[in-house]
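The values are calculated or read from the model by the stated rules, or taken from the named source; none is laboratory data. Since the model is a prediction, treat every value here as computed from it, not as a measurement. Cβ: placed from backbone, ideal geometry, glycine included. Neighbour counts: every protein chain shown.
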Amino acid sequence: MSGDEQPNLSNLNPSSQISQTFAATIDHLTTRVLDRFAQEAAEKQLFYHNQDHVRDVQRRSQQIFALIAPTLTPEIDRERTQSLLDFCAIAHDLVQQFDPNSPPHTTRQRQPGVSERMTIEQLMRLIDQHNQQTSDRAAQLTETDIAVIQQAITATICTYNLQEQAIYQPLLYSGEPLSIVSRILALADLGTLGIDGIEVYNREGSLLFLEENPDVVSLVQSGEIYQLVETDPTLAENIRQRLLKRCRFQVNFAKSRLSHLEQELQGFPAAIHPVLLTKIFRHLSPATIQTLEAITPTEPDTALNVLLKFFQFEKYVPRSTE
């Protein structure tokens, strides 16, 4: 393939049945990714971007795929597509790169696209190494497979929408032809509220806060955070403001997901949209947003203890026994 040619991402090497060697390749690469991922999660204190998250994304991806698969055109190899979707779901958050210059007692930041590009680079090295080590072409990932993986992970890159005060995935709005793997992975990655409901959505919000605010983790572990108003009122107010910001984001993000869903489904056959809305994204409705807004503390004067009760950090951070 020349540098000017682009692989056809809608046609994933059609064949009547996925080869056992290709399936073994995906299993092998998945094992290597999960091994690296476990190390990354431990080293960087990843409460959210860990194996639980990627397994959830994998599950949600397969729920969407199961409904869409019967509508796919015959030239698309469904089994190979499903295997690539599984692999992308597991691998899409392999690297989490935080800004090393975050000041103390602030939320640590990620620059948009940096983690995803580093993830793609690591995956390309793993795939290239595998392809070079096997002479069996059936066990190798093709250029089309690789392009699908790269595009799918790129589709999960989020940008902040200042007007909505929420994040969205700009590749879905770029007009670029997207593979079914890219579209499904992107929807599954941000689909917690719509697919799994408020309780899981709020749990993920708590885990994300802990991941992005490691100084709070140690305070929860020691129990100090629950007396912080008396012992360190300045830090207590700092954390209160961060928690309040997260609460407001969760409400705004939920509203954004509802407003974006119809447009993000346009890449799928129109006939399947009602089924996706009723069977997959069944929680994403005005009623759900109203309930979420009612139970999420967002008032400016909300007390720290009220916010701590809402986030329930003690469920996710074991108390120190020292």
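Listed values, structure above:
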read-out: Meets criteria (closer than 27 Å to I149 by Cα, buried (at least 19 other Cβ atoms within 10 Å of the Cβ), over 14 Å from the mean Cα position of the chain (by Cα) and assigned by TED's automatic domain parsing to the domain that holds T154) for I180; value: yes
read-out: Among residues of segment 116-139, those that are over 18 Å from the mean Cα position of the chain (by Cα) and among the aliphatic types (A, V, I, L, M), counted; value: 5
read-out: Those residues of segment 194-240 which are acidic (D, E) and either over 30 Å from I184 (Cβ atoms) or touching a Phe, Trp or Tyr at 6+ places or on another chain (Cβ under 7 Å) (or both), in sequence order; value: E204, E211, D215, E224, E230, D232, E237
read-out: Filter pass, T192 being surrounded by fewer than 19 Cβ atoms within 10 Å (Cβ to Cβ), among the polar types (S, T, N, Q) and at negative phi; value: no
read-out: Identity of the residue in segment 90-115, among the hydrophobic types (A, V, I, L, M, F, W, C) and under 19 Å from A188 (Cα atoms), that ends up surrounded by the fewest Cβ atoms within 10 Å (Cβ to Cβ); value: V95
read-out: Members of segment 250-277 found to be touching an Asp or Glu at 6+ places or on another chain (Cβ under 7 Å) and of a type in the set (V, I, T), listed by number; value: V251
read-out: Qualifying residue in segment 80-93 (condition: among the polar types (S, T, N, Q) and in a loop (DSSP other than H, G, I, E, B)); value: no
read-out: Pairs with Cβ under 7 Å, 6+ apart, first in segment 211-233 and under 28 Å from D52 (Cβ atoms), second modelled with pLDDT under 95 and in a helix (DSSP H, G or I); value: V220/E314
read-out: Meets criteria (at pLDDT 95 or above, assigned by TED's automatic domain parsing to the domain that holds H105 and either buried (at least 16 other Cβ atoms within 10 Å of the Cβ) or under 30 Å from N305 (Cβ atoms) (or both)) for L208; value: no
read-out: Subset tally (residues that are loosely packed, with under 13 Cβ neighbours inside 10 Å and over 12 Å from I180 (Cα atoms)) for segment 262-278; value: 6
read-out: Segment 38-79, residues that are part of a loop (DSSP other than H, G, I, E, B) and under 11 Å from the mean Cα position of the chain (by Cα); value: Y48, H49, N50
read-out: Residue satisfying all of: in segment 142-177; within 18 Å of L29 (Cβ to Cβ) and touching a Ser or Thr at 6+ places or on another chain (Cβ under 7 Å); surrounded by the most Cβ atoms within 10 Å (Cβ to Cβ) among these; value: A152
read-out: Condition check for I153: β-branched (V, I, T) and under 12 Å from the mean Cα position of the chain (by Cα); value: yes
read-out: Criterion (in contact with a helix residue (DSSP H, G or I) (Cβ under 7 Å, 6 or more places away or on another chain) and either of a type outside the set (S, T, Y) or not assigned by TED's automatic domain parsing to the domain that holds Q165 (or both)) met by exactly one of H283, H260; value: H283
